[in-house]
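The values are calculated or read from the model by the stated rules, or taken from the named source; none is laboratory data. From a predicted model like this one, the values you see are computed outputs, not experimental measurements. Here the Cβ positions follow ideal geometry from the backbone for every residue, glycine too, while neighbour counts run over all protein chains shown. Areas reflect the complete protein model, heavy atoms only, side chains present, ligands, DNA and RNA absent. Shrake-Rupley method; radii C 1.70, N 1.55, O 1.52, S 1.80 Å.
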Amino acid sequence: MSGPVATVFPKIYLYRRVVQAKLFIDAHYHQSINLDAIADEAYFSKYHFIRLFKATYGNTPHQYLMAVRINNAQLLLKKGLPVTDVCYAIGFDSISSFSALFKRVTKHSPAAWQQTELKRTAEMKTAPLNFIPNCFAQQNGWT
């Protein structure tokens, strides 16, 4: 960071404001939040905020928000919740936009991903040794 902002505020102060905005995303990902609301949380203009956030986290605030939503969707889908419920629970207003993003990220539709994960979880319960690396199982005398 250089220029007038860096000379007025110490870098740690600016970093804390960016972290505060990230924590805001983490806490409110399921709500209808936009870039203006996130940037306001950090007290930056949205364009300056995007640059600082990306420099700090490697993604834009929107990319980070979408990643948080998809990660939470995966957790809910693993619990067996219906795809529609998951869609709305993580902050999407449209099942088609949720499904498209989910598929772009995971390479599977939400329903297909869920079926695979639920099947895998059931298999882990019935045959847990199949999911332990062989070298670890041998080391502990399980094979």
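Could you work out the equivalent-ellipsoid semi-axes for the range 40-143, taking the square root of 5 times each eigenvalue of the Cα gyration tensor, largest first, in whole Å?
36, 21, 10
Counting Lys and Arg as +1 and Asp and Glu as -1, what is the net charge of the other residues whose Cβ lies under 12 Å from the Cβ of residue 49?
Once positives and negatives cancel, what remains is +2.
First measure r as the distance between the Cβ atoms of residue 130 and residue 54, then evaluate 1/(1 + (r/R0)^6) with R0 = 35 Å and state the FRET efficiency to the nearest 0.05.
After rounding to 0.05, the efficiency reads 0.25.
Determine the calculated [θ] at 222 nm for the chain from helices alone, applying -39500 (n - 2.57) to every DSSP H run no shorter than 4 residues and normalising by the residue count; nearest 500 deg cm²/dmol. Could you put the intermediate results ahead of the total?
Numbers: 9 runs with 103 residues, N = 143.
My calculation for the chain gives -22000 deg cm²/dmol from helical runs alone.
How high is the FRET efficiency from residue 96 to residue 140, r the C-beta distance, R0 35 Å, rounded to 0.05?
After rounding, the FRET efficiency stands at 0.15.
Suppose all protein chains stay in the model; what accessible area per residue would a 1.4 Å probe give for the chain, in Å²? Don't jump to the answer; show the numbers that get you there.
Values: 9070 Å² over 143 residues.
About 63 Å² of surface per residue is accessible.
Testing the spin-label approximation: label points 7 Å from Cα along Cα→Cβ at residue 36 and residue 23. State their distance in nm.
Once both label points are built, they end up 2.6 nm from each other.
So if I take the centroid of the Cα atoms in the range 120-143 and the same for the range 58-84, what is the distance between those two points in Å?
Taking the Cα centre of each part, the range 120-143 and the range 58-84 sit 29 Å apart.
Anything over 29 Å Cα to Cα? Flag those among 54/103; 22/125; 103/125; 22/79, in the order listed.
Listed pairs above 29 Å: 22/125.
Tell me the carbon and sulfur percent of the accessible area for the range 1-135, rounded to whole percent, probe radius 1.4 Å.
C and S atoms contribute 58 percent here.
Quote the FRET efficiency, to the nearest 0.05, computed for residue 47 versus residue 75 with a Förster distance R0 of 30 Å and r equal to the Cβ-Cβ distance.
Step by step, r from the Cβ atoms, then E = 0.35.
What number comes out for the charge environment of residue 100, summing +1 per Lys or Arg and -1 per Asp or Glu over other residues with Cβ under 15 Å away?
Taking every other residue near residue 100 into account, the sum is +3.
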